Amino acid sequence: MTDICGLTLKKLAERLAELGEKPSRAGIIFPAVYGELADSFDGLPLKQETLKTLNENFTFGRPECLQKLTSDAADKYLFRLADGNTIESVLMKHEFGYNVCVSTQVGCNMGCRFCASGRLKKVRDLTVSELVGQLMYIRRDIGQKLNGISIMGIGEPLENLANVLDFIDIAQYPRGFDIGLKHITLSTCGLVPKIYELADSAAPVNLAISLHAPEDGLRRTIMPSANKYPLAEIIRAARYYSEKNNRRITFEYVMLNGVNDSDDCAGKLSSLLSGFNCYVNIIRYNATGDSPFSCSPHERIMSFYDVLKKHGIGVTMRRELGASVNAACGQLRASSLVD
Ligand code: SF4
């Protein structure tokens, strides 16, 4: 049996051909699965024989929702996968619409020291069906169109790039989720070769890079991945991505009190990013129970912000959504892990 929710339109057409069916039938099945969120083939305008073949060869993968925590700004969903592993997704309720933050792996091996989400080591990559299933469940739950996707839940998405690319392909399908590339943002801690691969792919989504330090020495103390990929290489790859796809790159910078939040750090960050189509997204740190870090005071954050502005660097401060349901940045699975 093939899980139909793991197939792009092209792969579904190929699979139908293997089964002796017309590949063009994919154009009937795909809108039913992703537009109408059908969970069976019943009622499709297809011959009985074709329906029999479909029923005998395809299943509909669905994650099971174990828990949903809600707040005005964000809802957090805990899903159980077919093998018993659990993942989390967050629905963010913006003024401009609904954005879903999806997880891409069970656990994460990147080991960023400030991150509660990555405390569980990577167990495995999510399948395409498990990626798509997060969108399907949430869209069905809220009964509304989704407006954007953040690929920045648990896991390093570029370690699971092939599946993430198929997921993006499905999410874009106009008679399904219909979410364009400009409304999809992928966040990475900076896996350089994969940044080039994504840049050259058919799905150059918005790219956010977790920087969190303006120098390699400091970055290595909070992000082990910095041992492999120095900042100079990350910036070179980011420039390539930006120029190739005419995209403004976002650099994420979490404010850790007394660690990376000095005016000196802000000055060095400005030098690193000068003359580049990018902006810095300053993130207030969400301290979790046993974290060795705390968030910088408001005045320190504003001073850091001012230094960047003075140097002509575009800078925003991420609106904090979901802290009350432990759905804010770095908090995914923190609470369920300590259960
Ligand atoms: S911040 Fe992202 S890449 Fe780093 S450990 Fe957490 S989930 Fe993994």
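Summary table
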| read-out | value |
| --- | --- |
| Cβ-Cβ under 6 Å pairs, at least 6 apart or on other chains, the range 215-235 side touching a residue at least 40 places away in the same chain (Cβ under 8 Å) and assigned by TED's automatic domain parsing to the domain that holds Asn260, far side within 14 Å of the ligand (Cβ to nearest atom) and among the small types (Gly, Ala, Ser) | Pro224/Gly111; Ile234/Gly190 |
| Single residue of the range 84-97 satisfying the filter (out of contact with any strand residue (DSSP E or B) (no Cβ under 6 Å at 6 or more places or on another chain) and on the phi < 0 side of the Ramachandran plot) that is surrounded by the fewest Cβ atoms within 10 Å (Cβ to Cβ) | Glu95 |
| Filtered residue count, the range 105-120, keeping only those that are assigned to a loop (DSSP other than H, G, I, E, B) and near the ligand (Cβ under 9 Å from one of its atoms) | 10 |
| Residue count, the range 195-214 (criterion: within 15 Å of the ligand (Cβ to nearest atom) and either assigned to a helix (DSSP H, G or I) or outside the structural domain of Cys265 (by TED's automatic domain parsing) (or both)) | 1 |
| Filter pass, Glu130 being in contact (Cβ under 8 Å) with a residue 60 or more places away in the chain, away from the ligand (no atom under 12 Å from the Cβ) and of a type in the set (Asp, Glu) | yes |
| Test set (1) buried (at least 17 other Cβ atoms within 10 Å of the Cβ); (2) part of a loop (DSSP other than H, G, I, E, B); (3) at pLDDT 85 or above - Leu308 fails condition number | (2) |
| Residue in the range 48-66 that is free of Cβ contacts under 8 Å to residues at least 40 places away in the same chain, closer than 30 Å to Arg318 by Cα and outside any strand (DSSP E or B) present | no |
| Ala226 being part of a helix (DSSP H, G or I), more than 30 Å from Ile28 (Cα to Cα) and touching an Asp or Glu at 6+ places or on another chain (Cβ under 7 Å) | yes |
| Conditions (1) within 16 Å of the ligand (Cβ to nearest atom); (2) at pLDDT below 95; (3) more than 20 Å from Arg124 (Cβ to Cβ); number of the one not met by Val192 | (2) |
| Unmet criterion (only one of (1) among the small types (Gly, Ala, Ser); (2) modelled with pLDDT under 95; (3) touching a Ser or Thr at 6+ places or on another chain (Cβ under 9 Å)) for Gly35 | (3) |
| Given (1) more than 13 Å from the ligand (Cβ to nearest atom); (2) of a type outside the set (D, E, K, R); (3) touching a His at 6+ places or on another chain (Cβ under 9 Å), index of the condition Met223 fails | (1) |
| Residues (within 16 Å of the ligand (Cβ to nearest atom), under 20 Å from Met152 (Cα atoms) and touching a helix residue (DSSP H, G or I) at 6+ places or on another chain (Cβ under 8 Å)) located in the range 226-252 | Ala226, Tyr229, Ile234, Phe251 |
| Selection from the range 254-278 of residues that are modelled with pLDDT of 95 or more, in contact with a strand residue (DSSP E or B) (Cβ under 6 Å, 6 or more places away or on another chain) and closer than 26 Å to Lys182 by Cβ | Cys278 |
| Matching entry among Ile151, Ile168, Ile195, Ile184 (being touching a Leu at 6+ places or on another chain (Cβ under 6 Å) and closer than 30 Å to Tyr229 by Cα) | Ile151 |
| Count - residues of the range 67-110 that are more than 21 Å from Leu165 (Cβ to Cβ) and of a type in the set (Val, Ile, Thr) | 3 |
| Leading residue by the ranking (farthest from Pro157 (Cα to Cα)) among those in the range 98-118 that are modelled with pLDDT under 95 and surrounded by fewer than 19 Cβ atoms within 10 Å (Cβ to Cβ) | Arg113 |
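The values are calculated or read from the model by the stated rules, or taken from the named source; none is laboratory data. A quick note: this is a predicted structure, and the numbers were derived from the prediction, not measured. When we count neighbours, we look across all protein chains shown, and the Cβ atoms used for this are built from the backbone with ideal geometry, even at glycine.
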